[in-house]
Amino acid sequence: MKPLSILSLLLLLVTLTSVSRVLAESEPNDTFGTADPIAIGYASGEINATLTSDDNDYFVFTAVAGRTYVIQTYNIQGTFESHATGLWLYNNSGTEIANDRYGSNGTGNADARITYTFSTSGNYYVRVKDSIWDTNWTGTYALRILPKYNEPGAGWDASNDDEPNDALPIANLLETSWIRAQTHQLFPHQNFVTNDTDYDWYYFTTPSNRTYVIETFNIQGAFQSHATGLWLYNDTGSEIANDRYGSNGTGTADARIVQTFTTGGTYFIKVKNPIWDTVWTGTYSIRLLPKYGEPGDSWDLDNDFEPNDALEIASTLHVGPEYAQTHQLASHAGYVTNDSDHDYYHFTIATPGIYNIETFGITANGRATGLWLYNESGSELSNDRSGNAANGQAHITYNFLASGTYIILVKDAYATEWSGTYSVRVCLETCTQNIYLPTVIR
């Protein structure tokens with residue numbers, strides 16, 4: 001056997017030292033001097049640690065100045081909104097610098113939680129004992145220390161739905177475009193000692209003066225039931241918008257936020273069950289969609305130019321009968337959503353005048369489509385919300401006094417539930433196309 005080269009030994013050493021260290025607690029660790037060392041990262045930490053009667057468990061770790069860590073106890077079997085552990089954080093001299101002594105900050109499968117930014121590098125200590133709420137709790141718990149999402153060592157478990165992401169500092173990355181949509185779960189929390197349901201946090205970065213549609217979608221369930229809520233925060237953790245009831249989605253979307261960001265930077269999205277339904281768990285998808293006309297805007301050509309269910313993500317329609325488009329109002333049955341499929345289109349009026357907007361080519365024995373017309377700021381200008389009771393078509397004639405961008409909404413007619421294929425067009429004066437026959441000279 002050939003001896004290993006120095007390079008091979010170095011590579012082996014790097015490999016061995018980068019393996020996650022999941023350790024079991026070792027007693028006695030009831031004092032600062034006997035504290036167990038704990039590694040940082042989701043795949044490291046302490047598992048199967050035990051608190052016995054009047055027990056204190058101490059752990060020591062090394063923090064780096066300027067970095068933020070989330071410290072939490074988790075995976076404690078018990079009853080939702082009961083109490084088990086408390087957490088205390090100390091500096092190297094034994095002075096307390098933070099606590100969750102009531103064990104009231106955890107969500108999902110976490111019980112107690114401390115989030116802390118360290119100004120000084122060095123060794124720090126974590127103490128775990130029964131919480132102030134429950135001075136007699138004994139049992140098994142796990143403990144982990146998680147780096148902030150954009151700092152060294154940050155990571156998530158791809159085999160476990162990219163958890164842990166239950167707090168803003170450990171948010172997952174969400175990229176823009178329907179192509180970058182993600183599918184995840186809000187998991188059941190009822191058998192864990194925790195303070196609230198599962199939270200999924202996401203972060204994204206945007207330049208200034210950009211508009212996005214943020215939505216959860218493709219949730220299986222009953223029409224007009226409730227599943228997810230959405231909350232939007234800036235990088236200081238201040239809430240700036242929400243759809244906490246999950247009441248804004250249409251088509252296949254459940255919760256939706258539309259937001260224009262006047263300041264560039266990093267922002268955060270929280271997904272959890274809505275105010276209407278505090279027990280929903282299941283699978284959802286989430287996407288971050290740029291406004292039409294802004295960088296990254298696009299639509300799925302293989303899926304009927306979706307998503308275009310909101311004014312800000314309207315697809316393009318050119319003026320003229322020759323530019324008519326054929327699409328579908330899809331059935332929303334089987335989805336958790338608040339209204340039927342909406343198709344928005346944006347078009348440009350170059351020359352002011354009288355234009356006709358219409359849906360046609362519809363197979364229906366009664367009302368089918370409705371039409372709504374908006375200016376670019378979203379103010380309604382006109383509508384034919386009821387459509388034609390005989391053939392299902394809808395028609396708007398409107399005198400545009402100014403050139404600019406305008407928006408059409410096509411959806412099922414008022415007081416009607418219709419899905420199917422339709423065509424739509426915008427025409428100057430008339431949508432009748434002239435047919436020119438050749439001149440015959442005899």
Got at least one residue in the range 177-184 being closer than 21 Å to Ile38 by Cα and touching a strand residue (DSSP E or B) at 6+ places or on another chain (Cβ under 7 Å)? no
Cβ-Cβ under 6 Å, sequence separation 6+ or interchain: first residue in the range 423-442 and closer than 22 Å to Phe400 by Cα, partner at pLDDT below 60. Which pairs? none
Which residue pairs have Cβ atoms closer than 7 Å, lie 6 or more positions apart in sequence or on different chains, and pair a first residue in the range 142-161 that is free of Cβ contacts under 8 Å to residues at least 24 places away in the same chain with a second residue that is surrounded by 14 or more Cβ atoms within 10 Å (Cβ to Cβ) and not β-branched (Val, Ile, Thr)? Ala154/Pro147; Ala154/Lys148
Can you tell me which residue is nearest to Leu230 (Cα to Cα) among those in the range 189-207 that are in contact with an Asp or Glu (Cβ under 8 Å, 6 or more places away or on another chain) and not in a strand (DSSP E or B)? Tyr199
Going through (1) aliphatic (A, V, I, L, M); (2) in contact (Cβ under 8 Å) with a residue 60 or more places away in the chain; (3) touching a strand residue (DSSP E or B) at 6+ places or on another chain (Cβ under 6 Å) one by one, Ala333 fails only at (3)
Out of Ala394, Ala350, I need the residue that is at pLDDT 95 or above, touching a Gly at 6+ places or on another chain (Cβ under 6 Å), closer than 22 Å to Tyr323 by Cβ and of a type in the set (A, V, I, L, M, F, W, C). Which one? Ala394
Among the residues of the range 65-87, is any over 25 Å from Thr197 (Cα atoms), modelled with pLDDT of 95 or more, surrounded by fewer than 16 Cβ atoms within 10 Å (Cβ to Cβ) and outside the structural domain of Thr194 (by TED's automatic domain parsing)? yes
Of all the strands (runs of 3 or more DSSP E) wholly in the range 256-360, which have at least 1 residues that are under 30 Å from Glu163 (Cβ atoms)? 265-272, 282-290
State all residues of the range 286-301 that are small (Gly, Ala, Ser) and within 12 Å of Ile179 (Cα to Cα); if no residue qualifies, say none. Gly296, Ser298
Going through the range 127-180 one residue at a time, which ones are under 14 Å from the mean Cα position of the chain (by Cα) and part of a loop (DSSP other than H, G, I, E, B)? Asp161, Asp162, Asn165, Asp166, Ala167, Ala171, Leu174, Glu175, Thr176, Ser177
Scope the range 115-155; condition modelled with pLDDT under 95 and aromatic (Phe, Trp, Tyr); matching residues: Trp133, Trp137
Suppose we keep only residues that are part of a loop (DSSP other than H, G, I, E, B) and in contact (Cβ under 8 Å) with a residue 40 or more places away in the chain within the range 378-407. Which one would you say is farthest from Val426 (Cα to Cα)? Gly378
Tally, over the range 57-82, of residues that are polar (S, T, N, Q) and over 21 Å from Gly94 (Cα atoms): 4
Please verify whether Val193 is touching a helix residue (DSSP H, G or I) at 6+ places or on another chain (Cβ under 6 Å), of a type outside the set (Phe, Trp, Tyr) and either at pLDDT 95 or above or over 20 Å from Tyr69 (Cα atoms) (or both), treating the condition exactly as stated. no
Out of (1) modelled with pLDDT under 95; (2) within 38 Å of the chain's Cα centre (by Cα), what's the single condition that is false for Ile357? (1)
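So that you can scan it fast, the table gives a plain yes or no per residue for (1) under 21 Å from Asn273 (Cβ atoms); (2) crowded, with 17+ Cβ neighbours inside 10 Å; (3) in the same structural domain as Trp280 (by TED's automatic domain parsing); (4) in contact (Cβ under 8 Å) with a residue 40 or more places away in the chain:
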position	(1), (2), (3), (4)
His184	yes, yes, yes, yes
Asn191	yes, no, yes, yes
Pro207	no, no, yes, yes
Arg210	no, yes, yes, yes
Gln220	yes, no, yes, yes
Gly229	yes, yes, yes, yes
Tyr233	yes, yes, yes, yes
Ser238	no, no, yes, no
Tyr245	yes, no, yes, no
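The values are calculated or read from the model by the stated rules, or taken from the named source; none is laboratory data. Values in this document were obtained by computation on a predicted structure and should not be read as measured data. Cβ coordinates were reconstructed from backbone atoms using ideal geometry, including for glycine residues, and neighbour counts include every protein chain displayed.
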